[in-house]
Amino acid sequence: MTDVQHDAATRTLEQLEEEGDIAADYIEELLDICDLDGDIDIDARNGRAYVSVHAADAADLAVLSRPDTVTALQELTRLAVQTKTGAFSRLILDVGGSRDARREELGRLVARAAERIETGASEAALPPMSSYERKLVHDLVAERGLHSESRGEGADRHTVITRAG
């Protein structure tokens with residue numbers, strides 16, 4: 001674990017709440033600029049700040065809730081937090097339920113990979129994804145009684161699924 005990762009992993013609740021507040025202010029400004037309505041919830045769990053944006057009318061956030069847009073917005077929000085705190089941020093941003101939708105999509109990917117393993121493949125590789133998404137995949141794979149590991153470096157880092165033990 002690098003010093004940056006260790007520092008991020010040992011954040012106090014107060015530090016995570018500060019990250020969430022800074023992120024919420026940043027997102028609120030963006031929503032105002034875009035003339036979009038949205039409510040923001042802040043939470044801290046598993047050593048990360050979680051910021052969720054939701055609206056009574058999901059159509060209000062449709063453009064911002066696209067997976068690539070959420071990923072880009074999350075990175076910009078992390079940079080805004082880092083600029084104010086001077087510390088690397090691992091905050092997670094959810095816009096209009098995008099994280100739940102992505103978890104369901106990853107669940108379908110894992111199910112297809114598990115079928116390949118069950119029909120005789122020695123392993124099944126998934127496409128490259130973020131560390132957060134790989135963590136979700138590892139959890140989904142473990143629930144199925146299979147084994148997974150991350151391989152590759154940087155933008156090519158991906159998960160490979162095999163039979164357990």
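The values are calculated or read from the model by the stated rules, or taken from the named source; none is laboratory data. On a predicted model such as this, the values are computed, not experimentally measured, just so you know. Positions of Cβ are generated from backbone atoms using ideal geometry, with glycine treated the same way; all protein chains shown enter the neighbour counts. For the accessible areas, the whole protein counts, side chains as well, though only heavy atoms, and no ligand, DNA or RNA atoms are used. Shrake-Rupley method; radii C 1.70, N 1.55, O 1.52, S 1.80 Å.
Please work out whether the range 55-130 counts as rounded, prolate or oblate from its C-alpha gyration tensor, where a ≥ b ≥ c are the square roots of the eigenvalues and a/c under 1.5 means rounded, while otherwise a/b larger than b/c means prolate and anything else oblate? Taking the square roots of the gyration eigenvalues as a ≥ b ≥ c, the range 55-130 is oblate. Each label was represented as a point 7 Å from its Cα along the Cα-to-Cβ direction; for Asn46 and Arg108 these points are 2.2 nm apart.
Express the carbon and sulfur contribution to the solvent-accessible surface of the chain as a percent, rounded to the nearest whole number, probe 1.4 angstrom. Roughly 48 percent, rounded to a whole number.
Accessible area per residue for the chain is 59 Å², calculated with a 1.4 Å probe on protein heavy atoms, without ligands, DNA or RNA. Computing semi-axes √(5λ) of the Cα gyration tensor in Å directly from the structure and comparing it against (i) 31, 20, 12; (ii) 45, 17, 15; (iii) 24, 21, 16 singles out (i).
Each Lys or Arg adds one and each Asp or Glu subtracts one; over the other residues with Cβ under 10 Å from the Cβ of Thr71, this totals -1. For the chain, the mean residue ellipticity at 222 nm estimated from helices alone is -16500 deg cm²/dmol, where every DSSP H run of n ≥ 4 contributes -39500 (n - 2.57) and the total is divided by all residues, rounded to the nearest 500. What separates the Cα centres of the range 109-140 and the range 59-105 is a distance of 23 Å.
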